[in-house]
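First up is the structure itself, then whatever we jot down about it.
Read-outs: derived from the displayed coordinates by stated rules, not from any lab. Everything quoted here is computed from the prediction, not taken from an experiment. Don't worry about glycine lacking a Cβ; one is built from the backbone with ideal geometry, like all the others, and counts go over all protein chains shown.
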Amino acid sequence: MKKLSLKMDLCGECGGCVAVCAFESLDLESQGLRIKEELCTLCNDCVVFCPSGALEITDKE
Amino acid sequence: MKDKYDCIVVGAGPAGSMAAWVLAKNKHKVLLLEKHKEVGLPLCCAEAVSFRGLSICEQVNPAWIRSKIEKIALCPPSGKELKVSYSSAGLVLDRKIFDRDLALRAESSGAELKVNAQAVGLINNNRGEICGIRMKKDGRESEYQTKIVIAADGIESMVGRWAGIDNALKLEGVDSAYQYLLKADPLDQECIEFHLGTKIAPGGYAWVFPKGKGLANVGLAITPSLGNNIKAKELLDFFVMKRFKNFSVVEWMTGGVPAFSRRSQLVKGNILLTGDAARLVDSLSGAGIANALLSGKIAGQVASEYLVNGGNSPDFLKKYEEEFLKIKGRELRFYSYCRKIYLKMRDEDFEEVIQFLKEYLKDEDSTRLTPIQTLKAILRSNPKLLLLLRHLVW
């Protein structure tokens, strides 16, 4: 099983990933980016967008 | 619901603070929400703006300005650059000071500013109209009533989505950017540089925008659909190594630049979208500050008129979209058209365009040329560029 994961220290909180997500599975909150795993379809668009490589699709532990 | 407002503005960037300022000056009850704990952070901007763009603010504070641009350099992949003197081409701002000042100006005029205050949803009345906002602050949720919502919540614009606007960006309609604030050498403090090429920055460009005291915003944007999974950061690191002999990184930031498209929607019911939230960005250069200021200002003016003439139907608010597009629509559509060409250009096309400009600018007074006039001249001189569009369906 795969999931979308975030490397917090690479995230610049620009919100671009939130804007490209068609499924509203990302939310930029006061404390930083939050992934709503239940809505994520693993479409990979946010991973392709992310300028710093902070988002990636990884194996679920 | 707790308090009643005439208008709630979501986002205290340049668009939101302009709108809140205009409304507050006209004695309306305005709430300006900023979800971050500080106005002006995190910074996601290259900070360049034209004099004309900045003058939309009306009262310009010299403390906002970090450097004045006197020259522009365009560098194609071969390195055979074109450098033109272009006095008063524009300015590089300090957005941290600028954003904070604009928000405080709105506050001084009577707007209520709340930081660390995130809008988390819209509230509908029994007729299906938006009548309020749910807001989370310090871990607690509260509800506020409002007649109008101005969405200035940036590229992610959740307000637009909650209102049912399909504003998700396609990967070819957004730029993925990474930027350093560098102390760097060598640097021409009066010259902004644009570096073009499909290998340097596919579907985008690299830039050097001086900020005074040996500092510069040095960044790179790509169109992610053309990037073959290479990250803007990797390309920027490569560019910086090549461009500078010595450098130290003072800050880094990421950015998403939404490109204007015909789909961009500015009004829905009593919700007005401004700035990046409405995708009001020049799709060729990625410039968005001036459009944010102008859209915020017009949104504030139209909202104020609507509130004064109480009997108007929310249809009146469409005047905001009409007025903004009357001023900026043609320009934004033209840049959007140029972006389509730009995304198809090959390295030899960049060389040809810059070669053409070298000749063209010899005979023209560059200070009198607008970017649009120059782009039109490029397209006239090189009809081959238009052929790049032949496979596109409009």
Relative contact order [Cα under 8 Å, 6+ residues apart], the range B:1-43, whole percent: 44
Obtain the nm distance between the two label points defined at B:SER78 and A:PHE23 by a simple spin-label model: each point lies 7 Å from its Cα along the Cα-to-C-beta direction. 4.8
What is the fewest-to-most order of B:VAL22, B:VAL159 by other Cβ atoms lying within 10 Å of their Cβ? B:VAL22, B:VAL159
The lysines whose Cα lies under 21 Å from the Cα of B:LYS25, excluding any fewer than 8 residues away in the same chain, are B:LYS4, B:LYS114, B:LYS147, B:LYS297, B:LYS319
What percent does the relative contact order of chain A come to when contacts are Cα pairs within less than 8 Å and at least six residues apart? 48
Difference of contour (0.36 nm per residue) and Cα-Cα distance, B:SER85 to B:GLU190: 36.8 nm
Ordered by fewest other Cβ atoms within 10 Å, a rough proxy for footprinting exposure, B:ILE372, B:ILE230, B:ILE298, B:ILE271 read B:ILE372, B:ILE230, B:ILE271, B:ILE298
For B:ARG134 and B:THR370 in the same chain, what is the full-extension length gain: residue separation times 0.36 nm, less their Cα-Cα distance, in nm? 80.5 nm
Bridge type composition, chain B - antiparallel percent by DSSP, nearest 5: 70
Tell me which residues come under 5 Å, amide H to amide H, from B:ARG66 once H is placed; ignore anything under 5 positions away on its chain. B:VAL92, B:LEU93, B:ASP94
Evaluate the relative contact order of chain B (contact order divided by residue number), counting alpha-carbon pairs under 8 angstrom at least 6 apart; express in whole percent. 20
Computed from the beta carbon distance with a Förster radius of 45 Å, FRET efficiency for B:LYS340 and B:GLU112 to the nearest 0.05 stands at 0.55
Computed over the protein assembly as shown, the Cα gyration tensor eigenvalues, each multiplied by 5 and square-rooted, give semi-axes in Å (largest first) of 35, 25, 22
Starting with the fewest neighbours, write out B:LEU361, B:LEU317 ranked by other beta-carbon atoms found within 10 Å of each beta-carbon. B:LEU361, B:LEU317
Can you give the translational diffusion coefficient of the range A:6-52 in µm²/s, computed by Stokes-Einstein from the Kirkwood radius over Cα pairs at 20 °C and 1.002 mPa s? 199
Helix-only [θ] at 222 nm, chain B, -39500 (n - 2.57) per DSSP H run of 4+, per residue, nearest 500, equals -10000 deg cm²/dmol
